[in-house]
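Worksheet for the structure shown next.
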Amino acid sequence: MTHRDLCVHSSTPDLRASGIVVRLGVDVVLDDVDVLARGGRVTALLGPNGSGKTTLLHVLAGLRKPDRGTVLVGDVAIRSLSHRRRAQTVALVEQHATTTTDLTVRQVVALGRLPHRRMLGARGDSGAEVVDTVMDLVGLTHLADRGWTTLSGGERQRAHLARTLAQQPAVLLLDEPTNHLDLGQQLRFLALARDLGLTTVAALHDLELATAFCDDVVVLNHGRVHGQGPVTSTLTASLLREVYHVDASLDPHPRLDRHHLVWDGHVEENS
Amino acid sequence: MSVARLAAGRAVVVVTLTAAALVASAAVALSLGSVDVPVARVLAVLLRRLGAGGEVTVLEDQLVWQLRLPRVMGAIAAGAVLALCGAVLQSLTRNDLADPFLLGVSSGATVGAVTIMVLGIEVGGLVASAAVSVAAFAGALAALAVVLVIASAGGRGLSPHRTVLAGVAVAYLCSAYTSVVVIMHGEGDAARRVLSWTLGSLAGLRWDSTLVLLGAALVALVWFFAYAERLDAFTFGEVSAQSLGVPVTSTRWVLMVGTAVVTATTVAYVGVIGFVGLVVPHLVRPLVGNRHRAVLLASAAGGSLLLMWADTAARSLVDRQEVPVGALTALLGAPVLVWLMARRPRA
Amino acid sequence: MIRRAAMPGLSLAAGAVLLLAGCAGAPEKETATAESGDRFPVELVNCDHEVVVASTPERVVTLNQGATEVVLALGLGDRLAGTAYLDDAISDRWAQEYEQVPVLAAEYPTNEALLEAEPDLVYASYASAFDKGVAGDRTVLAGSGIQSYLSPFGCPDKSQRPAPTFDAVWQELDDVAELLGEPGTSKALVSEQKETLESIRDAAPGQGLTALWYDSGDKTPLVGGGQSGPQLILDAVGAENMFDDIERGWGEGSWEDVLATDPDVIVLADASWSSAEEKRAYLEKDPVLSELTAVKKGAFVTVAYSEATPGVRMVDGAASVASQLADLDLRP
């Protein structure tokens, strides 16, 4: 099952950011950033800590107005949309989404239907169908009535993903979605995201996961784009040395039909 | 799905039960007071006033219809407002200990009240008690304005953190003013009168003031209910709420100003009654779940019941005397709060 | 020989002069240190404190309105070196004399301000006057040669306070007059007050009437209870206090009870923090309370706050209430 069963959008649009500048006081967090995330593909957003990944994701999600620059979904400027329309177009799974309220999984996922509902409106049935579908997609149907506080880290991430999918967006943004997950859970989550077929941008910490699950990559360093494009051609040995200070390269995977990361060791930062 | 229907059905049952409890409690509350009026006579007064004819004495009508009924209705209205505002602010600031007086409303109102009560300033032709209400309302709004200015400075919207801090700062400032005025200008039993006003009382309510309170309660109920789903969106914080399409900053402004205005209206007439807004939302969540549509309705009903009973106790516990209702709600509320915190599952 | 004969004559003459001087004697108000010999020292126990006045106090400082008015009422205002803390206005009849005395402070004076007035006797109505920042501990004062007297109604130990009655007030007057060396002044005043009271009781303008004594408050009224000034005054005029079962001087009443009783007359206490006009306006504008018989008929009596607290002006309060009641002519 893919997003096509949920889809309300006619196609998978490109997500294009041009000339993004974001300042925080005197610091320049994002300096003239251009990003192209192609429709239907998974783009990894990489970069060391403090490179501005979360800020860029918030700008791409339309949650933060950049000091300069525009973000287009297809050919629609994201800031020109109303809050509701924007939430029906782009959805973000943020890094640390916690709560002390003991909602059930179903209630959490149902939050995703908010952009489709009016303020004093009654709940329509189409909402319930969508909720069931996305819970099935992420494999949480058996936990539908369990309380949030009883869930494991992996289950919670999947619930957040389901909630975002319930918004029926055209573009999916993920901010370090696999941070507190075991390896198996990480692999499962990213495979799920990839198989959805939505235009996806995922900020990732782990180069190996990016290589395994993403089509394209954007590398940020100190608020600037150091390089972007298809994974294998962008993550060259010299880029890895300059940005991550490691002696590494992408080599063909011994068993599968893709590449994987092979590293020799770290490099002194001044060399 | 049947599960969702069941939960909704359960919420409806709880709300209906509390409504029935409200009506029954009101009937009993109307028969209690300094002068004995049996429940049968209470009903007779009500029926006659509602057009069904019948004979009642002037005294019975005065006591039941003109003194007690406005007071009971006022308790229902004020209790609903306080509980609603508490629930809204707790979700908005993601702080379990938030209450309707977070934004300086109670301290500002006290400044206004004390200024009239102790400094004896006249307000064009109004009786002292009416002047106190007007001044309390004005003081509350002034304090709110100061809190909002401080909290929104720096331009990152009304962050909960800044708002709470601003509220605390304004509260301290106001209490300094109150103390200085009472100590330096207070005559006779000024301190006792100020304390008495601060602890709240529904004793002065007549139909004119109660109708205002009922109006405020109705406005609060409809307005906040409309925002209920947006409040649900705040469950996982500001970023998630925004991503779900909720305009976070404008929602915060609207709800904070809204809660402050209806709370200020309530405080102006009945003083500062604590704990209702803090405790009731926590009490109803285990019963009706966490969706705000249910929580808000149940909180309103629960707050009404609690305050009605507290007020009835306030005027019947000690013979010939009124215990300040704010002291009673605190007495009830404190152990309930401790019990709630103790049984919280470790998240 | 002549000297010896002259001695007895001289002694006689000297003795005669002395005697004559004694007989012609200072009028009671003049200060005569010779007089001190027979009146002083005065010793009495006041609120567990031994007061020993060795000679006529000339510089009395009164720290509360009640105390000030006692000294003025006894006609001994010229002994005052300073006054303090008025609750409301001094009665007209002593106003002129009061103006002559320096006022130390609007409320309590600081310790320094008090000592600056060089008092030999400090007289107060409330124990708070002997707090640290004001006059200070009475024993310490006595050690510096400053005697003190505290109205028994204000003794810090409540078990030593007398029940509020006219007799207790008159006892205080006697005590103070004795301390000031002029016991005759209190006797005159007390008998005057007794006469006034007697005539009020005989006239009984409040006979058969039920009264509400409304002191302050609006949502809930503070009313005169059964055990202090309000009750004494109402008893004197022969009226019934609807809240006489409150076992204190003042207490919280309930408007419900007032509606149920529907008193014939409402006595309004007039204080600067709660004026009689304010209270009347509140009653007249309230939708329910304006229906009370007394409010509709305008059956109001006003009493100054200081004339309703146990003190030397209480008889004036009773007289004022009596004459207002007579004017209202409410008797059935």
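Here's how it looks for residue A:267: its modeled amide H is under 5 Å from those of A:246, A:247, which are all 5 or more places away or on a different chain. Here's how it looks for residue C:216: its modeled amide H is under 5 Å from those of C:222, which are all 5 or more places away or on a different chain. Residue by residue along B:227-240, Cβ atoms of other protein chains within 10 Å of the local Cβ number 6 on average. Take each residue in B:123-131, count the other chain C-beta atoms within 10 Å of its C-beta, and the mean is 3.
Relative to the Cα centre, the charge distribution of the range B:2-343, modelled as +1 at Lys and Arg Cβ and -1 at Asp and Glu Cβ, gives a dipole magnitude of about 820 debye. Each of C:68, A:199, A:234, A:70 has some number of other Cβ atoms within 10 Å of its Cβ, and from fewest to most they run A:70, A:234, A:199, C:68.
Within chain B, the whole DSSP H helices whose Cα atoms reach 24 Å or more along their own axis and whose mean Kyte-Doolittle score is at least -1.0 are B:2-31, B:69-93, B:128-152, B:160-185, B:207-226, B:248-270, B:292-316, B:325-343. Ordering B:58, B:29, B:8 by the projection of their Cα atoms onto the charge dipole of the range B:1-118, which places +1 on the Cβ of Lys and Arg and -1 on the Cβ of Asp and Glu, puts B:8 at the extreme positive end. With R₀ set to 56 Å, the beta-carbon distance separating residue C:140 from residue A:263 gives a calculated FRET efficiency near 0.05. The charge dipole of the protein assembly as shown, taken about its Cα centre with unit charges on the Cβ of Lys, Arg, Asp and Glu (plus for the first two, minus for the last two), comes to roughly 5500 debye.
Take chain B, connect every pair of alpha-carbon atoms lying under 10 Å apart with a spring to form a Gaussian network, then pick out the residue of B:220, B:241, B:138 with the largest mean-square fluctuation. Of the options given, B:241 has the highest mean-square fluctuation.
Of A:77, A:93, A:58, which is farthest along the charge dipole of the range A:47-100 in the positive direction, counting Lys and Arg as +1 and Asp and Glu as -1 at C-beta? Most positive-ward Cα: A:77. Counting only aspartates and glutamates at least 8 places from residue C:187 when in the same chain, those with an alpha carbon closer than 15 Å to its own are C:28, C:167, C:172, C:174, C:175, C:178, C:195. Test of understanding: in a Gaussian network model of chain A with alpha carbons linked when under 10 Å, which of A:116, A:260, A:245 would top the mean-square fluctuation ranking? Its mean-square fluctuation being the largest, the pick is A:245. Listed by chain and number, the lysines whose C-alpha is less than 18 Å from the C-alpha of residue C:279, apart from same-chain residues fewer than 8 away, are C:219, C:296, C:297.
Here the range A:76-194 is assigned +1 on the Cβ of each Lys and Arg and -1 on the Cβ of each Asp and Glu. Its dipole about the Cα centre then comes out at about 540 debye. Using a 10 angstrom Cβ neighbour count of at most 13 plus a DSSP loop assignment to flag exposed trypsin sites (Lys or Arg not before Pro), which longest range of chain B is free of such sites? Answer from the scan: B:157-345. Candidates C:249, C:311, C:221 compared by Cα position along the dipole of the range C:204-328: farthest toward the positive end lies C:311, with charges placed on Cβ. May I ask for the longest run of chain C untouched by trypsin sites (Lys or Arg not before Pro) that are loop-located per DSSP and have at most 13 neighbouring C-beta atoms (other than their own) within 10 Å? Free of exposed loop sites, the longest segment is C:133-247. Taking R0 as 60 Å, what's the FRET efficiency between residue C:285 and residue C:55 from their Cβ-Cβ distance, rounded to 0.05? Efficiency at R0 = 60 Å is approximately 0.50. Take each residue of peptide C:281-291, count the partner chain Cβ atoms within 10 Å of its Cβ, and average: the result is 4. Lysines near residue A:53 by alpha-carbon distance under 16 Å, same-chain residues fewer than 8 away left out - which ones? The qualifying lysines are A:65. The modelled label-to-label distance for the pair residue A:236/residue A:215, using points 7 Å beyond Cα in the direction of Cβ, is 2.4 nm. What shape does the range C:204-328 have by the C-alpha gyration tensor, where a ≥ b ≥ c are the square roots of the eigenvalues, rounded means a/c under 1.5, and otherwise prolate means a/b greater than b/c and oblate the rest? It is rounded, given that a/c, with a ≥ b ≥ c, falls under 1.5. For the range A:189-271, run through the GluC sites (Glu not before Pro) and keep only the ones in DSSP coil with at most 16 other Cβ atoms within 10 Å of their Cβ. Of the GluC sites (Glu not before Pro), the ones in loops of the range A:189-271 whose Cβ has at most 16 other Cβ atoms within 10 Å are A:268, A:269.
Ordering B:23-32, A:50-59 by mean Cβ neighbour count within 10 Å, with the highest value first, yields A:50-59, B:23-32.
All of the numbers you see were taken from the coordinates with simple rules; none came from a lab. Remember, it's a predicted structure, so these values are computed and weren't measured experimentally. Backbone-built Cβ (ideal geometry, glycine too); neighbour counts: all protein chains shown.
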